[in-house]
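Asker: Here you go, one structure.
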Amino acid sequence: MPERCALIITADDFGYSARYDEGIVEAADAGAVDSVSVMVNRNRLDPEPLLETGVETGLHLELPLELTEGERASAREREAALRALAEQLEAFEAAIGHPPAYLDGHRHCHAQAGLAAAVAREARQRGLPVRSIDAAHRRILRREGAATPDRLIGRYSEEAEAALPVELQPVVDGEGELPTGVTEWMVHPGHADPESGSGYDRAREEDLDLLLSLCLLPALRGARVTHVAVFG
């Protein structure tokens with residue numbers, strides 16, 4: 001893991017909603033994000049506008065709720081999750097034209113207790129870096145030999161936190177630096193779509209506006225990398 005301060009800005013949920021996709025493409029086209037996580041289980045997926053931006057793309061794994069709603073996945077649920085992962089990796093390559101550069105999960109399903117180690121082993125075999133959601137998950141990934149950033153920042157709900165993570169505020173203000181190592185900033189840019197059913201709908205415009213306002217900031221831009229650049 002590099003000792004320098006590096007930042008990967010990852011936009012989640014491409015494929016969730018046409019309006020969200022429009023905002024993600026806008027952010028990618030402006031150079032405001034370094035990678036985009038793609039959902040391949042949605043029938044309306046149109047990857048062409050995203051591919052035209054040239055942004056790095058990864059798989060945003062989706063699993064049925066019944067596989068993730070318990071405290072710990074059973075052996076049967078683990079097998080079903082790995083089948084879903086294999087199917088979505090294949091669908092990703094068919095839609096995007098190449099394998100994903102990394103792996104993460106919708107609502108962090110890839111980190112579910114009982115699934116995390118199995119997903120990590122599969123990712124290691126395929127040479128895919130994996131998003132780690134906290135220190136415990138990071139230990140599992142590294143124990144299994146899967147590459148992962150040193151920390152994840154970003155808000156999980158539109159009510160609880162400010163759009164700009166506290167870890168980045170000193171950098172934006174010119175009063176501090178990024179933490180040492182690789183930081184992944186998870187964001188959800190997009191245009192509002194109340195019909196989407198997402199509980200994070202209203203905040204997507206705010207995330208998009210913030211990203212566009214920061215994309216040329218030298219203090220952040222100089223530290224930004226992709227998954228492939230760090231782990232490839």
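The values are calculated or read from the model by the stated rules, or taken from the named source; none is laboratory data. A quick note: this is a predicted structure, and the numbers were derived from the prediction, not measured. Here Cβ is always computed from backbone atoms with ideal geometry, including for glycine, and neighbour counts include all displayed protein chains. SASA here: full protein model, heavy atoms, side chains in, ligands and nucleic acids out. Shrake-Rupley method; radii C 1.70, N 1.55, O 1.52, S 1.80 Å.
Asker: Examine segment 200-209 for a residue that is part of a helix (DSSP H, G or I), over 20 Å from residue 38 (Cα atoms) and under 19 Å from the mean Cα position of the chain (by Cα), and state whether such a residue exists. If you could, list the steps in order and put the result at the bottom.
Answerer: Looking only at segment 200-209, we keep the residues that are part of a helix (DSSP H, G or I), and these are 203-209.
Now drop any that are not over 20 Å from residue 38 (Cα atoms), which leaves 206, 209.
Restricting the remaining residues to those that are under 19 Å from the mean Cα position of the chain (by Cα) gives 206, 209.
Within segment 200-209, one or more residues are part of a helix (DSSP H, G or I), over 20 Å from residue 38 (Cα atoms) and under 19 Å from the mean Cα position of the chain (by Cα).
Asker: Another one. Step by step: first the residues of segment 56-113, then only those that are among the small types (Gly, Ala, Ser) and in contact (Cβ under 8 Å) with a residue 60 or more places away in the chain, then the one that is least open to solvent (accessible area, probe 1.4 Å). Which residue is that?
Answerer: As a first pass, look at segment 56-113 and keep what is among the small types (Gly, Ala, Ser): 58, 70, 73-75, 80-81, 84, 86, 91, 94-95, 97, 101, 105, 111, 113.
Still in the running and in contact (Cβ under 8 Å) with a residue 60 or more places away in the chain: 58, 101.
Values: 58: 0, 101: 22 Å².
Ranking the candidates gives 58 first.
Asker: With the checklist (1) part of a loop (DSSP other than H, G, I, E, B); (2) open to solvent by less than 40 Å² (accessible area, probe 1.4 Å); (3) of a type in the set (A, V, I, L, M) in hand, flag the one item residue 182 doesn't pass.
Answerer: Condition not satisfied by residue 182: (1).
Asker: Something else now. Kindly provide the set of residues from segment 34-55 that are part of a loop (DSSP other than H, G, I, E, B), open to solvent by 10 Å² or more (accessible area, probe 1.4 Å) and not polar (S, T, N, Q), ordered by number.
Answerer: If we filter segment 34-55 for residues that are part of a loop (DSSP other than H, G, I, E, B), which is where we start, we get 34, 39-47, 54-55.
Imposing the further condition that a residue be open to solvent by 10 Å² or more (accessible area, probe 1.4 Å) reduces the set to 34, 40-47, 54-55.
Within segment 34-55, 34, 40, 42, 44, 45, 46, 47, 54, 55 qualify.
Asker: Restricting attention to segment 213-227, which residues are open to solvent by 20 Å² or more (accessible area, probe 1.4 Å) and under 18 Å from the mean Cα position of the chain (by Cα)?
Answerer: 224, 226
Asker: So residue 109 fits all but one of (1) touching a Ser or Thr at 6+ places or on another chain (Cβ under 7 Å); (2) within 17 Å of residue 226 (Cβ to Cβ); (3) in a helix (DSSP H, G or I); what number is the exception?
Answerer: (2)
Asker: Could you run through segment 160-177 and say how many residues are over 21 Å from the mean Cα position of the chain (by Cα) and of a type outside the set (A, V, I, L, M)?
Answerer: Applying the first criterion (over 21 Å from the mean Cα position of the chain (by Cα)) to segment 160-177 yields 170-177.
So of that shortlist, the ones also of a type outside the set (A, V, I, L, M) come out as 170, 173-177.
Qualifying residue count, segment 160-177: 6.
Asker: A further question on this structure: Only one of these is over 15 Å from residue 107 (Cα atoms) and either in a helix (DSSP H, G or I) or in contact with a helix residue (DSSP H, G or I) (Cβ under 8 Å, 6 or more places away or on another chain) (or both): 66, 79. Name it. Let's see the steps before the verdict.
Answerer: On the way: 66 fails: over 15 Å from residue 107 (Cα atoms).
Result: 79 is the single residue among 66, 79 that is over 15 Å from residue 107 (Cα atoms) and either in a helix (DSSP H, G or I) or in contact with a helix residue (DSSP H, G or I) (Cβ under 8 Å, 6 or more places away or on another chain) (or both).
Asker: Collect the residues in segment 114-149 that are part of a loop (DSSP other than H, G, I, E, B), surrounded by fewer than 16 Cβ atoms within 10 Å (Cβ to Cβ) and touching a residue at least 12 places away in the same chain (Cβ under 8 Å), keeping them in residue-number order.
Answerer: Those that are part of a loop (DSSP other than H, G, I, E, B), surrounded by fewer than 16 Cβ atoms within 10 Å (Cβ to Cβ) and touching a residue at least 12 places away in the same chain (Cβ under 8 Å): 134, 145.
Asker: Something else: Answer yes or no as to whether residue 161 is out of contact with any Gly (no Cβ under 8 Å at 6 or more places or on another chain), in a loop (DSSP other than H, G, I, E, B), within 30 Å of residue 214 (Cβ to Cβ) and open to solvent by 30 Å² or more (accessible area, probe 1.4 Å). Steps first, please.
Answerer: Numbers: out of contact with any Gly (no Cβ under 8 Å at 6 or more places or on another chain): yes; in a loop (DSSP other than H, G, I, E, B): yes; within 30 Å of residue 214 (Cβ to Cβ): yes; open to solvent by 30 Å² or more (accessible area, probe 1.4 Å): yes.
Against the criterion (out of contact with any Gly (no Cβ under 8 Å at 6 or more places or on another chain), in a loop (DSSP other than H, G, I, E, B), within 30 Å of residue 214 (Cβ to Cβ) and open to solvent by 30 Å² or more (accessible area, probe 1.4 Å)), residue 161 qualifies.
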